[in-house]
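Structure first, then comments.
What follows draws every value from the coordinates through simple rules; no lab data is involved. Since the model is a prediction, treat every value here as computed from it, not as a measurement. Quick reminder, even Gly has a Cβ in these numbers, built from the backbone with ideal geometry, and neighbours come from all protein chains shown.
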Amino acid sequence: SALFKQRYGVSPHQYLLEMRITHSRELLQSSLLTQEEIASYCGFANIHHFSKTFKKRTGFSPGQWRDQGRG
């Protein structure tokens, strides 16, 4: 864990979380999957955890991200 953080600048958990959020942003823009399906597909325990984490990382809710066509 320490070596990972030294090399990548973040903990393994934070690195994985960022990858999951990045993938969910792509899916929101390029698929017709529901937010619940995306949350599950990207490894979030539930839609609430996904929404909270997504907004904290991006500044937008998943629905806002999809509606505004960000990407």
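Odds and ends about this structure:
- In segment 40-71, the residues that are free of Cβ contacts under 8 Å to residues at least 12 places away in the same chain and of a type in the set (A, V, I, L, M): ALA45
- Scan of segment 14-37 for residues that are surrounded by fewer than 16 Cβ atoms within 10 Å (Cβ to Cβ) and not charged (D, E, K, R), ordered by number: GLN14, TYR15, LEU16, MET19, THR22, HIS23, GLN29, SER30, SER31, LEU32, LEU33, THR34
- Residue satisfying condition, being surrounded by fewer than 13 Cβ atoms within 10 Å (Cβ to Cβ) and of a type outside the set (A, V, I, L, M, F, W, C), within set SER11, SER40, SER1: SER1
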